[in-house]
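Student: I'd like to ask some things about the structure below.
Every number in this text was worked out from the coordinates using simple rules, so none of it is lab data. The model shown is predicted, which means the values in this text are computed figures rather than measured ones. Every residue, glycine among them, receives a Cβ derived from its backbone with ideal geometry; neighbour counts consider all protein chains shown.
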Amino acid sequence: MTTPQTMLNLDGYTDLPSGKIAAVVTYLEMRSPPPALPAEAPEGWSLQSLNADRDRYKTLYRRVGEPWLWSSRLVMSDEELAGILGHPKVEAYALHDGQDDVGLLELDFRPEGEAELAFLGLVPGVIGKGAGRFLISEAVRRAFARPIERFFVHTCSLDHPAALAFYRRAGFEPYRRAIEVTDDPRLRGIIPIDCAPQVPVLD
């Protein structure tokens, strides 16, 4: 039952219960691919499927997402994750630089007539070197290679500070905003306690 302490104040501040974090979520969409030339991967880099390799997927998900408190895939059982990655309408890829996995791309075509950019991110140290432009170009190309009417994504205020502008430059348009409140995954032991120092841990 909702209590006065947890009701959202639409005209000011709302205190969060202990152990919770909050983010402002922005939803974006595109109805047709933008008229931009596709970016090319750096020489020797490639996209490699992750659908059949849960362990590799989870390792990359952690490396990409822990700085931004990603945890949704980590709280799933192996069976739940296998059900997603094994679905014929889900495509998961690692961006491989010839030596290591440095980026994650996941597309979900399960919504009828639509595609979701479920995850896109890079490991620390790779951001700002053109790999993101290649990943988003590939995401748009692969999404509209199927007969879809809409390609959508969401980002939030806990993500990289450049994420929203990055998606808008790629051709996505914002259409909705929400507030997401969830457990701090660091306090639940899902990710290390020292991750994402830009978001203080309040025990």
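Student: What FRET efficiency comes out for HIS160 versus LYS20 if R0 is 25 angstrom and r is the Cβ-Cβ distance? Round to the nearest 0.05.
Tutor: Working: r = 22 Å, r/R0 = 0.87.
E between HIS160 and LYS20, to the nearest 0.05, is 0.70.
Student: Along the charge dipole of the chain, Cβ charges K/R +1 and D/E -1, which of PRO17, GLY98, GLY132 sits furthest on the positive end?
Tutor: Of PRO17, GLY98, GLY132, it is GLY132.
Student: To make sure I understand the rule: partners must be lysines, Cα under 26 Å from the Cα of LYS20, and not fewer than 8 residues away in the same chain. Which ones qualify?
Tutor: The qualifying lysines are LYS58.
Student: For the chain, what proportion of DSSP beta bridges, expressed in % and rounded to the nearest 5, is antiparallel?
Tutor: Of all bridge pairs located within the chain, approximately 90 percent are antiparallel.
Student: Could you bin all the Cα-Cα distances of the chain into 10 Å bins starting at 0 and give me the percent of pairs in each, rounded to whole numbers?
Tutor: That works out to 8, 32, 37, 18, 5, 0, in percent per bin.
Student: What are the ³J(HN,Hα) values, in whole Hz, obtained from phi via the Karplus relation 6.51 cos²θ - 1.76 cosθ + 1.60 with θ = phi - 60°, for each residue of the stretch 70-82 in sequence order, with x given for Gly and Pro?
Tutor: 5, 8, 4, 7, 6, 8, 7, 6, 4, 5, 5, 5, 4
Student: Let me ask something else. Considering the alpha-carbon set of the stretch 69-157 alone, what are its Rg and its Dmax in angstrom?
Tutor: Answer for the stretch 69-157, Rg first and Dmax second: 13.6, 37 Å.
Student: Compute the signed sum of charges (Lys and Arg +1, Asp and Glu -1) over the other residues within less than 12 Å, Cβ to Cβ, of GLY132.
Tutor: +2
Student: Now a separate question. For labels at ARG150 and ASN9 in the simple 7 Å Cα→Cβ model, what's the distance in nm?
Tutor: 3.4 nm
Student: Please name which of ALA115, MET76, ALA145 has its Cα lying farthest along the dipole of the stretch 46-154 towards the positive end, using unit charges on Cβ (Lys, Arg +1; Asp, Glu -1) and the Cα centre as origin.
Tutor: Working it through, the farthest residue towards the positive pole turns out to be ALA145.
Student: When a/c is below 1.5 the answer is rounded, else prolate if a/b is larger than b/c, else oblate, so apply that to the stretch 75-117 with a ≥ b ≥ c taken from the square roots of the Cα gyration tensor eigenvalues. Display every interim value, and only then the final one.
Tutor: Details: a/c = 2.79, a/b = 1.40, b/c = 1.99.
Taking the square roots of the gyration eigenvalues as a ≥ b ≥ c, the stretch 75-117 is oblate.
Student: Mind putting a number on the dipole of the stretch 74-154 about its Cα centre? Charges go on the C-beta only, +1 for Lys and Arg and -1 for Asp and Glu, and I need it in Debye to the nearest 20.
Tutor: Details: 8 positive and 14 negative charges, 92 e Å.
In total the dipole reaches around 440 debye.
Student: While we're looking at this one, here's another question. Kindly provide the helix-only [θ] at 222 nm of the chain, computed as the sum of -39,500 (n - 2.57) over DSSP H runs of four or more divided by all residues, to the nearest 500 deg cm²/dmol?
Tutor: -6000 deg cm²/dmol, from helical runs alone.
Student: Distance between Cα centroids, the stretch 1-73 to the stretch 170-192: provide it in whole Å.
Tutor: Centre-to-centre (Cα) distance: 6 Å.
Student: By per-residue mean of other Cβ atoms within 10 Å, what is the highest-first order of 173-186, 143-156?
Tutor: 143-156, 173-186
Student: Roughly how big is the chain's charge dipole about its Cα centre, with Cβ charges of +1 (Lys, Arg) and -1 (Asp, Glu), in debye to the nearest 20?
Tutor: For the chain, the charge dipole is close to 400 debye.
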